[in-house]
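Each remark here refers to the structure printed beneath this line.
Readers should treat all values here as calculations from the given coordinates under stated rules, not as data from a laboratory. Note that this is a predicted model, so its numbers are computed, not measured. Don't worry about glycine lacking a Cβ; one is built from the backbone with ideal geometry, like all the others, and counts go over all protein chains shown.
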Amino acid sequence: MKTAIHQVSLILDKICAGVTGFLLVALCLIIDYSVVMRFIFNSPVTWQYELTLVGLCWTTFIGMPMTFHKQEHMSLTFVTNSLKPKAWCIYKDVIDVLLIVFLVAGIVNSIQVVQNAWSQYYQTIPVRRGLYYLSFPIGCCISVVHLVDIILNRKPEDAPTAQKDEEVAA
């Protein structure tokens, strides 16, 4: 079970990295194209704003699980670094369970938002508005998988110590 969740977490992280990488390149190209069309050819691109909005939303919420997978999300490390390894594990597990509860609440509440917006379309691109909101529950689901994997694989030996911190600083 532990290994299966870890493998799924790795695969999902690679998918997220590929999607966000593609979206970032696409957004750069779309925005550059729009700037050239507006300022050089004096012909503004009407669909660029809405497409950029959807792309940025997806980049943000599909990029979110990547921070959980790499354990690089914001945290107050001065608290956790001062704990003994066993207490560190318990503290981190409690925080991660609270994050999971928050993410599950986000999934449940955002599904209705997606359903309500699904019948509406953007004005300049043939895309449903629900697609814009769909990135949030998908990102939350992937984040939950990563957090479960982290909780199952956390060991007291992984706890930061003053000696490890000094080695990193040197």
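Across the stretch 69-83, a minimum of one residue is classified as polar (S, T, N, Q), exposed (fewer than 11 other Cβ atoms within 10 Å of the Cβ) and within 24 Å of PHE102 (Cβ to Cβ).
It is to be established whether one or more residues within the stretch 137-152 are aliphatic (A, V, I, L, M), farther than 27 Å from LEU10 by Cβ, surrounded by 15 or more Cβ atoms within 10 Å (Cβ to Cβ) and out of contact with any Ser or Thr (no Cβ under 6 Å at 6 or more places or on another chain). Before the answer, list the steps.
Pass one, the stretch 137-152, residues aliphatic (A, V, I, L, M): 138, 142, 144-145, 147-148, 150-152.
Adding the requirement that they be farther than 27 Å from LEU10 by Cβ leaves none.
Taking every residue of the stretch 137-152 in turn, none turns out to be aliphatic (A, V, I, L, M), farther than 27 Å from LEU10 by Cβ, surrounded by 15 or more Cβ atoms within 10 Å (Cβ to Cβ) and out of contact with any Ser or Thr (no Cβ under 6 Å at 6 or more places or on another chain).
Restricting the search to helices (runs of 4 or more DSSP H) fully inside the stretch 59-170 and requiring at least 1 residues that are within 24 Å of the chain's Cα centre (by Cα) and closer than 29 Å to VAL25 by Cα gives 85-117, 129-153. Filtering the stretch 28-47 to residues that are assigned to a helix (DSSP H, G or I), β-branched (Val, Ile, Thr) and either closer than 24 Å to LYS70 by Cα or in contact (Cβ under 8 Å) with a residue 12 or more places away in the chain (or both) leaves ILE30, ILE31.
Of the residues making up the stretch 6-27, none is under 20 Å from LEU134 (Cβ atoms), touching a residue at least 12 places away in the same chain (Cβ under 8 Å) and not in a helix (DSSP H, G or I).
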